[in-house]
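In what follows, a single structure is set out as structure tokens and then discussed.
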Amino acid sequence: MDAWRLTVNRVSISAAWVLFVSLLATPSMAVEPDSPSVAGVQSEIYRIFLNTWISSDKTPVNVSRRAEPLSPDDIKVFDDCSDGKHKWVSIVSGQDLAGQLADLSYVRLVNPDTWKPKDPAELMAHGRSVDSAVGEGINNGLMTLSVVALDTTAKTAALRYAFVCGALCGSGGAVLFTLTPQGWAMDQRQCGGWIS
């Protein structure tokens, strides 16, 4: 009986050791959300997205200075968009975007709590033409970005965005990014999209 217990204990200790070593080696340990390199990834992802989203003439756009946290629904959209192939880790640092985007000349960082839209519908109700009202609404709209999520391999990233320019003026969705040998690239797939 004592020999059997000794064997069981050795097997248990060996199994625990194998489990511990395998956990250290898993890709999920590769992402540390508060590390400087991850914060740099978040900044790079924001820049790629904004450079792609904003017109080539770099017309200034209002961007919320606060990145929004991700919800479980956002993670589900990312999963659906990536065919469920990734486990996501939300980057929780860097929610104030001033340090990451302040040097972009076409970005006006705005406090989302004090921002007010220039709703095209209201402008048209006061006699403005459709083109003029929509143009002013878009020029005064607000882009809100979520914090960036990375998959546990740190080779795929995702964010949620929303651009609002009035009660019935805006769009948003989720975007995936892939780490290539040349750096981060925005995926052509956009998911969870909406238009108002």
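I'm told THR52 meets every condition in (1) crowded, with 16+ Cβ neighbours inside 10 Å; (2) β-branched (Val, Ile, Thr); (3) out of contact with any Pro (no Cβ under 8 Å at 6 or more places or on another chain) except one. Can you identify the failing condition by its number?
(1)
Can you tell me which residues in the range 146-196 are β-branched (Val, Ile, Thr), farther than 20 Å from TRP115 by Cβ and in a strand (DSSP E or B)? First the steps, then the outcome.
Within the range 146-196, the first condition is being β-branched (Val, Ile, Thr), and the residues that meet it are 147-148, 152-153, 156, 164, 175, 178, 180, 195.
Within this subset, residues satisfying the condition of being farther than 20 Å from TRP115 by Cβ are 148, 152-153, 156, 175, 178, 180, 195.
THR156, VAL175, THR178, THR180, ILE195, listed by residue number.
Restrict the check to the range 121-129 and report whether at least one residue is more than 15 Å from the chain's Cα centre (by Cα) and under 27 Å from VAL77 (Cβ atoms). Can you show your working first?
At the first step, the residues of the range 121-129 found to be more than 15 Å from the chain's Cα centre (by Cα) are 121-129.
Now narrow it down to the ones that are under 27 Å from VAL77 (Cβ atoms): none.
Within the range 121-129 (the criterion being more than 15 Å from the chain's Cα centre (by Cα) and under 27 Å from VAL77 (Cβ atoms)), the answer is no, since none of the residues qualifies.
With the requirement that a residue be in contact with a helix residue (DSSP H, G or I) (Cβ under 9 Å, 6 or more places away or on another chain), surrounded by 12 or more Cβ atoms within 10 Å (Cβ to Cβ) and basic (Lys, Arg), what does the range 67-87 give you?
Hit for the range 67-87 is LYS87, nothing else.
Out of the range 91-110, which residues are farther than 25 Å from SER55 by Cα and either surrounded by 19 or more Cβ atoms within 10 Å (Cβ to Cβ) or modelled with pLDDT of 90 or more (or both)?
Within the range 91-110, ILE91, GLY94 meet the criteria.
So which of ASP131, ASP103 ends up being assigned by TED's automatic domain parsing to the domain that holds VAL38 and either in contact with a helix residue (DSSP H, G or I) (Cβ under 8 Å, 6 or more places away or on another chain) or closer than 18 Å to ALA39 by Cα (or both)?
Working: ASP131 fails: either in contact with a helix residue (DSSP H, G or I) (Cβ under 8 Å, 6 or more places away or on another chain) or closer than 18 Å to ALA39 by Cα (or both).
Step by step, each of ASP131, ASP103 is checked, and only ASP103 is assigned by TED's automatic domain parsing to the domain that holds VAL38 and either in contact with a helix residue (DSSP H, G or I) (Cβ under 8 Å, 6 or more places away or on another chain) or closer than 18 Å to ALA39 by Cα (or both).
Working carefully through the options GLY137, GLY183, find the one that is small (Gly, Ala, Ser) and farther than 20 Å from VAL38 by Cβ. Please lay out each step first, then the result.
On the way: GLY183 fails: farther than 20 Å from VAL38 by Cβ.
Exactly one of GLY137, GLY183 is small (Gly, Ala, Ser) and farther than 20 Å from VAL38 by Cβ, namely GLY137.
The values are calculated or read from the model by the stated rules, or taken from the named source; none is laboratory data. Because the structure is a prediction, the values reported are computed rather than measured. Glycine gets a Cβ as well: all are built from the backbone with ideal geometry, and neighbour counts include every protein chain shown.
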